[in-house]
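Everything on this sheet refers to the single structure shown next.
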Amino acid sequence: MNRFTVQITAAPADIDELGHVNNAVWVRWIQDVAVAHWHAVAPPEHRDAYVWMVTRHEIDYRGNVRAGEAVVAETWVAEPPRGARFDRHMRFTGMDGKVKVAAVSTWALIDRASGRLLRVRPDIAAPFLAGPDG
């Protein structure tokens, strides 16, 4: 599988009244990292023709991150798509080596021109499933 990683540092605006990253921010980061992965590996013709939409998030909050602290976000697609959908795994690990948040999101492929759901063809899925460690 093709794993994608990016480092994110929590900004003061990401912090809630409890002093750590707000749950809504984690959801935004999941979206941002997934989109960055798409832009990093999908060919331009796919990026121009298709867009992904989240249909489900399952998130486990395991630790806190405060302003100025960084996490490494790692995402991967473990299994081939099922029709128009696939599950994307996401893990945010703190600089202490502990997983702060783990998530699985289900994404659906949408045709930009028509707005309709599309079956994920093997050529669209291939950049996510093949890579140096899979």
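The values are calculated or read from the model by the stated rules, or taken from the named source; none is laboratory data. The structure presented is a predicted model; accordingly, all values stated were derived computationally and were not measured. Note that each Cβ is placed from the backbone with ideal geometry, even for glycine, and that neighbours are counted across all protein chains shown. Areas reflect the complete protein model, heavy atoms only, side chains present, ligands, DNA and RNA absent. Shrake-Rupley method; radii C 1.70, N 1.55, O 1.52, S 1.80 Å.
Number of residues in the stretch 10-61 that are open to solvent by less than 80 Å² (accessible area, probe 1.4 Å) and not in a helix (DSSP H, G or I) equals 18.
Considering the stretch 73-85, and only residues there that are part of a strand (DSSP E or B), within 12 Å of the chain's Cα centre (by Cα) and not hydroxyl-bearing (S, T, Y), the residue that is surrounded by the most Cβ atoms within 10 Å (Cβ to Cβ) turns out to be A73.
A count restricted to the stretch 83-109 and to residues that are touching a residue at least 40 places away in the same chain (Cβ under 8 Å) and either hydroxyl-bearing (S, T, Y) or touching a Pro at 6+ places or on another chain (Cβ under 6 Å) (or both) stands at 2.
Would you mind stating whether F128 is open to solvent by less than 60 Å² (accessible area, probe 1.4 Å) and outside any strand (DSSP E or B)? Break it down into steps so the answer makes sense when it comes.
Values: open to solvent by less than 60 Å² (accessible area, probe 1.4 Å): yes; outside any strand (DSSP E or B): yes.
Here the answer is yes, as F128 does meet what is asked.
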